[in-house]
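The structure under discussion appears below in the form of C-alpha cells.
The values are calculated or read from the model by the stated rules, or taken from the named source; none is laboratory data. From a predicted model like this one, the values you see are computed outputs, not experimental measurements. Using ideal geometry, Cβ is built from the backbone for each residue, glycine included, and neighbour counts are taken over all protein chains shown.
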Amino acid sequence: MRLWNQSPGQAHRHPSCRRTPWRPRDLTQRNGRRQRQGNRYDEIYIYYYVTKGTFDSYLFQTLEQKQRFISQVMTNQSPARSCDDLDETVLNYAEVKSCATGDTKIKDQMELQNEVQKLQLERASHLTERKRLQELVQSAPEEIKRLENSIANIKQDIWTVQKNQQDDFKITLDGKQYDKRPIAAELLSILVSNSPVGQITPIGEFRGLQVAVDKASGFYPQLLLKGVLRYEIECGESNLGNITKIEHLPKKLQGKLQNMQTDLEMKGNQLEQAKRNVNQPFEKEELLKEKAEELAKIEYAISIELTRDVHLENEKQPVLVGGNEYEMEE
C-alpha cells in the first residue's frame, strides 16, 4: 500500500527520470501539493533531481518544448498553425542508449530543433506582417481619399452653420419658425411620433442644416441633421433634451473635423511606413539556413549510428547450419 502526503509543506522534491512525467500539467499538479491554499509557509522550495548523461535530459527537454508551445498558444504569440503531439513520441533504443551514455548528439539535436523552430516562427510572423503591410498599401489610398472627401464636406457644413449663426434660439419645424424651446420641443415630439416607419422624413431646418426623422435604420427613431454629410442624434425620452442635442451638434462639427484630420495624418504615416517596410527581407534568414543545415548534419549522423547499430545486432543473430544454430563471431 502506498500513502501520498497531501499536507501543505515547505518543499517538494521531484525524483529522477523514473517518475518524471511527460506533460507539464502533471508537474504543475505535483507542485500544487505545496502551492495550495492553507499552506502555513510564505515561501516553498521545489527541487528537481536529474542525473547527467541519462534519460532525464530528454524528458525535461520534451517538457520544455511542450510548455513553450502551450505558452505561445495561450498568449497568442505564435503564428504556428499546428504542432506534433509529443505525447506520442517513441524513442528507439539507439536514442535511449545515447542519452544514457552521455552522447551529446541528442542534446545538440534538440537544442538545434528549438532554435530552428523559434526562427521559423519568427519568419512566419515576419511573413504575416508583410502580408498585412501589402494589404495596407493596397487599401490605404482609398481610405485616404475617403477621408479627404469627408474633410472637404464637413468644412462645407461648418461654413453653412457659421453663415447661419444666430444669437437667439430659432428652429423651423413643419414649415414654421419657433423661438421658444418648450413649444418647439412639444412639436418635435409630435412630428417624431407621426413620421412614417421605414423611411427618412424631413421635418424642418436648423442653422442651415435640414432636420429629419430617421425610422428606416432601426426600431428606435433617430434625429438627423443633414448638410453635405448627415449627423445622427439619438432621440431620447426628454423633449427638451432632444432640442438641446440639436442645438449642440453644430458646435461639435469642429471637433469632428479635427478627428478626421488626425485620422488622415495617421493613415498617411502608416502608408509611408508600410511602403518602406513591405519589401524588407527576413533579417535572420541566413541564420535559419545555417541552423537548419547543422540540424540536418546531426540528424544524419544519428541515423548513421542507428543504421550501424542495427547491422551489428543483425550480425549477432544466430544462423542455421545443418539444423544447428551458430552465433556469428567477428
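The conditions are (1) in a helix (DSSP H, G or I); (2) touching a helix residue (DSSP H, G or I) at 6+ places or on another chain (Cβ under 9 Å); (3) at pLDDT 90 or above; (4) under 24 Å from ASP167 (Cβ atoms), and LYS251 fails exactly one of them. Which is it?
(3)
If a residue has to be among the hydrophobic types (A, V, I, L, M, F, W, C), more than 12 Å from LEU173 (Cβ to Cβ) and in contact with a strand residue (DSSP E or B) (Cβ under 9 Å, 6 or more places away or on another chain) to count, how many in the range 201-231 make the cut?
Total meeting the criteria: 4.
Please specify each residue of the range 144-177 satisfying the condition of being of a type outside the set (S, T, N, Q), touching a Leu at 6+ places or on another chain (Cβ under 7 Å) and under 23 Å from LYS251 (Cα atoms).
Step one: list which residues in the range 144-177 are of a type outside the set (S, T, N, Q), which gives 144-148, 151-152, 154-155, 157-159, 161, 163, 167-171, 173-176.
From what is left, the residues that are touching a Leu at 6+ places or on another chain (Cβ under 7 Å) are 144, 147-148, 151, 154-155, 157-158, 161, 173-174.
If the condition is that a residue be of a type outside the set (S, T, N, Q), touching a Leu at 6+ places or on another chain (Cβ under 7 Å) and under 23 Å from LYS251 (Cα atoms), then LEU147, GLU148, ILE151, ILE154, LYS155, ASP157, ILE158, VAL161, LEU173 are the ones that fit.
Let's see how each residue does on (1) of a type in the set (A, V, I, L, M); (2) more than 41 Å from the chain's Cα centre (by Cα):
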| residue | (1), (2) |
| --- | --- |
| ALA212 | yes, yes |
| LYS215 | no, no |
| TYR220 | no, no |
| LEU224 | yes, no |
| ARG230 | no, no |
| ILE233 | yes, no |
| THR244 | no, yes |
| HIS248 | no, no |
| LEU253 | yes, no |
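Please work out if LYS256 is of a type in the set (Lys, Arg), touching a residue at least 24 places away in the same chain (Cβ under 8 Å) and not in a strand (DSSP E or B). Let's see the steps before the verdict.
Numbers: of a type in the set (Lys, Arg): yes; touching a residue at least 24 places away in the same chain (Cβ under 8 Å): yes; not in a strand (DSSP E or B): yes.
Taking the combined requirement at face value, the residue satisfies it.
Can you name every residue in the range 175-187 that is within 53 Å of the chain's Cα centre (by Cα) and surrounded by 13 or more Cβ atoms within 10 Å (Cβ to Cβ)?
Result: ARG181, ALA184, ALA185, GLU186, LEU187.
Looking only at the range 222-238, decide whether some residue is part of a helix (DSSP H, G or I) and touching a Gly at 6+ places or on another chain (Cβ under 8 Å).
No, because not a single residue in the range 222-238 is part of a helix (DSSP H, G or I) and touching a Gly at 6+ places or on another chain (Cβ under 8 Å).
Determine whether ILE171 is of a type in the set (A, V, I, L, M, F, W, C), within 15 Å of ILE246 (Cα to Cα) and touching a residue at least 40 places away in the same chain (Cβ under 8 Å).
Judged against the criteria, ILE171 is a match.
Among (1) in contact with a Lys or Arg (Cβ under 7 Å, 6 or more places away or on another chain); (2) loosely packed, with under 15 Cβ neighbours inside 10 Å, which single condition is LEU209 missing?
(2)
Output the number of residues of the range 101-138 satisfying the condition of being of a type outside the set (A, V, I, L, M, F, W, C) and surrounded by 14 or more Cβ atoms within 10 Å (Cβ to Cβ).
Counting residues in the range 101-138 that are of a type outside the set (A, V, I, L, M, F, W, C) and surrounded by 14 or more Cβ atoms within 10 Å (Cβ to Cβ) gives 18.
Checking the condition within 30 Å of GLU111 (Cα to Cα) and modelled with pLDDT of 90 or more, which residue from GLU299, GLU293 passes?
On the way: GLU299 fails: modelled with pLDDT of 90 or more.
Result of the check over GLU299, GLU293: GLU293.
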